[in-house]
Amino acid sequence: MIENTPKLFIPGPTEVDDRVRLAMAQRVIGHRTKEMSELYGGIVEKIQKLLNTNHIVMVFTSSGTGVMEGAVRNLVNENVLHGACGAFGKRWYEISVYNGKNAELVWADWGRAVKPEMIAEKLEKGKHELVAVTHNETSTGVRNPTDDIAKLAHENDALIAIDAVSSLFGDLIDVNKYDVVITSTQKAFALPPGLAVAVISDAAMEKMKSVKNKGYYFNFEVMLKKFEKAKQHPTTPAVPLLYAMDEQLNIMLKEGMQARYERHVKMQKLVHDWVKKRGFDLFAEKGYESVTVTTVANTLGISVKELNDELVKRGLRISNGYGELKEKTFRIAHMGQLTPPDIMGLLDTIDEILEAKGVY
Ligand SMILES: Cc1ncc(COP(=O)(O)O)c(C=O)c1O
């Protein structure tokens with residue numbers, strides 16, 4: 001057993017409720033049984049209810065990247081336009097390239113947002129089949145204006161897919177405006193890693209009929225066929241994680257999506273106020289800050305590594321900057337089951353450490 005692990009304020013995996021952890025200890029069921037149909041059918045209904053949608057919902061045994069690859073393979077024969085402003089947007093573009101698609105990239109610099117006018121410059125009606133954009137860029141703490149980009153894509157006869165891996169179920173997203181919304185469950189969904197969700201429009205399902213070489217594991221048509229027949233998966237899903245998902249959905253339905261969003265906004269505000277009060281800066285472009293994770297510009301030049309080492313000694317963990325931003329920024333996640341008092345406790349502890357070091 002790994003003991004005394006710190007409480008997680010990192011942008012995934014996030015803290016998991018004890019009830020959810022215990023749900024995974026239930027006896028395993030067969031994946032071709034009535035019990036499984038009830039479990040998975042119920043999960044899909046609960047997700048639809050929480051997101052206020054009739055769009056098709058699929059749960060994959062994979063992390064989010066699998067479904068990002070799936071979106072490209074299911075929806076694109078040739079041309080896809082990517083909007084990116086950080087590590088994960090770039091990754092999605094690379095996924096398209098690796099899959100042999102003709103992928104073009106609209107790049108907003110680190111910390112900046114992808115704006116509709118930037119997409120408009122490259123988007124060609126009749127050419128681009130899909131616009132793929134990150135909703136919440138976890139590396140920089142930027143939330144892109146994807147509603148406006150979705151409108152633009154549809155006006156130009158393209159489908160729109162968003163990577164809401166680190167925002168769905170924390171931030172409020174109207175999934176009905178998109179053709180594919182993707183999330184991983186180890187973030188704002190607050191589950192252990194191992195599952196991913198896709199929310200898919202009828203228009204996307206229609207487009208798939210004309211797309212070749214969609215593969216098998218992430219083939220949305222194969223998934224839907226099995227669901228429609230038996231409310232089951234074509235392959236063996238991670239049963240204990242589905243138990244956990246069902247329990248977490250009960251918790252989220254009880255809280256309600258609006259209240260859940262408001263709790264995330266409260267936590268974001270606490271972190272933003274602290275950042276300004278202590279003389280740090282927000283890394284994200286003003287007006288485009290993420291609701292679920294704050295990337296702090298390390299304007300005071302602290303050692304991020306030392307801070308995190310000290311936090312871990314006190315049972316807490318934040319995240320350093322991503323890749324090139326390792327010491328230039330640090331990230332505080334305020335997502336999932338964390339509460340405003342959790343965030344206040346973390347910020348007090350950071351203050352205690354930095355004051356002792358004479359930073360302020
Ligand atoms: C915005 C974003 N997209 C994609 C991913 C990749 O997700 P996964 O690790 O679940 O494959 C992450 C993971 O941190 C992410 O934050």
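The values are calculated or read from the model by the stated rules, or taken from the named source; none is laboratory data. These numbers come from a predicted model, not from an experiment. Here Cβ is always computed from backbone atoms with ideal geometry, including for glycine, and neighbour counts include all displayed protein chains. These accessible areas exclude ligands, DNA and RNA; they are computed on the full protein's heavy atoms, side chains included. Shrake-Rupley method; radii C 1.70, N 1.55, O 1.52, S 1.80 Å.
Restricting segment 1-44 to residues that are charged (D, E, K, R) and over 25 Å from Lys226 (Cα atoms), which is least open to solvent (accessible area, probe 1.4 Å)? Before the answer, list the steps.
Here is the first cut: in segment 1-44, the ones charged (D, E, K, R) are 3, 7, 15, 17-19, 21, 27, 32, 34-35, 38.
Imposing the further condition that a residue be over 25 Å from Lys226 (Cα atoms) reduces the set to 3, 7, 15, 17-19, 21.
On the way: Glu3: 137, Lys7: 70, Glu15: 55, Asp17: 35, Asp18: 93, Arg19: 128, Arg21: 133 Å².
Taking the candidates together, the pick is Asp17.
Considering only segment 45-65, how many residues are surrounded by fewer than 17 Cβ atoms within 10 Å (Cβ to Cβ) and assigned to a helix (DSSP H, G or I)? Residues in segment 45-65 being surrounded by fewer than 17 Cβ atoms within 10 Å (Cβ to Cβ) and assigned to a helix (DSSP H, G or I): 3 in total. Residues that are open to solvent by 30 Å² or more (accessible area, probe 1.4 Å), among the charged types (D, E, K, R) and over 21 Å from the mean Cα position of the chain (by Cα) do not occur anywhere in segment 233-252.
Restricting attention to segment 309-348, which residues are open to solvent by 20 Å² or more (accessible area, probe 1.4 Å) and in a helix (DSSP H, G or I)? If the condition is that a residue be open to solvent by 20 Å² or more (accessible area, probe 1.4 Å) and in a helix (DSSP H, G or I), then Asp309, Glu310, Val312, Lys313, Gly323, Glu324, Pro340, Pro341, Asp342, Met344, Gly345, Asp348 are the ones that fit. Are any of the residues in segment 2-13 more than 28 Å from Val271 (Cα to Cα) and not polar (S, T, N, Q)? Yes, because at least one residue in segment 2-13 is more than 28 Å from Val271 (Cα to Cα) and not polar (S, T, N, Q). Being open to solvent by 30 Å² or more (accessible area, probe 1.4 Å) and either assigned to a helix (DSSP H, G or I) or touching a Phe, Trp or Tyr at 6+ places or on another chain (Cβ under 7 Å) (or both), is that true of even one residue in segment 285-296? Scanning segment 285-296 turns up no residue that is open to solvent by 30 Å² or more (accessible area, probe 1.4 Å) and either assigned to a helix (DSSP H, G or I) or touching a Phe, Trp or Tyr at 6+ places or on another chain (Cβ under 7 Å) (or both).
Just name the residue that is surrounded by the most Cβ atoms within 10 Å (Cβ to Cβ) out of those in segment 118-162 that are among the small types (Gly, Ala, Ser) and either farther than 20 Å from Asn77 by Cα or in contact with a helix residue (DSSP H, G or I) (Cβ under 6 Å, 6 or more places away or on another chain) (or both). Among residues in segment 118-162 that are among the small types (Gly, Ala, Ser) and either farther than 20 Å from Asn77 by Cα or in contact with a helix residue (DSSP H, G or I) (Cβ under 6 Å, 6 or more places away or on another chain) (or both), the one surrounded by the most Cβ atoms within 10 Å (Cβ to Cβ) is Ala161. Of the residues making up segment 163-200, those that are over 14 Å from the mean Cα position of the chain (by Cα) and either open to solvent by less than 10 Å² (accessible area, probe 1.4 Å) or outside the structural domain of Tyr243 (by TED's automatic domain parsing) (or both) are Tyr178, Asp179, Ile200.
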